[in-house]
Amino acid sequence: MPDELDQLQGFPKGWTNTGMSAKDRAFCMGNALVVGIVHRIGEVIARREVARRNRA
């Protein structure tokens with residue numbers, strides 16, 4: 001299950017496999033940000049900022 005949680009969050013399989021328990025690995029992924037979504041939000045904000053500056 002922890003490997004699947006790593007992948008669901010956008011990290012490679014085994015990302016949290018550092019010797020901690022499966023419960024702790026699941027806890028870490030439960031508190032992680034979904035990297036891909038955060039990246040896409042940043043891209044949209046950047047594009048809108050560029051468009052706003054071009055109109056000014």
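Some observations on this one:
- Adding -39500 (n - 2.57) for every DSSP H run of four residues or longer, then dividing by how many residues the chain holds, sets the calculated 222 nm ellipticity at -20500 deg cm²/dmol.
- Residue order for MET1, MET29, MET20, fewest other beta carbons within 10 angstrom first, comes to MET1, MET20, MET29.
- The residues packed around GLY19, meaning those with a beta-carbon under 15 Å from its beta-carbon, carry a net charge of -1 if Lys and Arg are +1 and Asp and Glu are -1.
- Cβ crowding within 10 Å ranks ASP24, ASP3 as ASP24, ASP3, fewest other Cβ atoms first.
- Within the shell defined by Cβ-Cβ distances under 15 Å, the residues around ARG55 carry a net charge of +3, with Lys and Arg each +1 and Asp and Glu each -1.
- All Cα pairs of the chain, percent lying beyond 15 Å: 56 percent
- Burial ordering of ARG25, ARG55, fewest other beta-carbon atoms within 10 Å first: ARG55, ARG25
- Charges were assigned to the Cβ only: +1 to each Lys and Arg, -1 to each Asp and Glu. The resulting dipole of the chain about its Cα centre is roughly 520 debye.
FYI, it's all coordinate maths here, none of it is from the lab. None of the values given here were measured: they were computed from a predicted structure. Every residue, glycine as well, gets a Cβ built from its backbone with ideal geometry; the counts of neighbours run over all protein chains shown.
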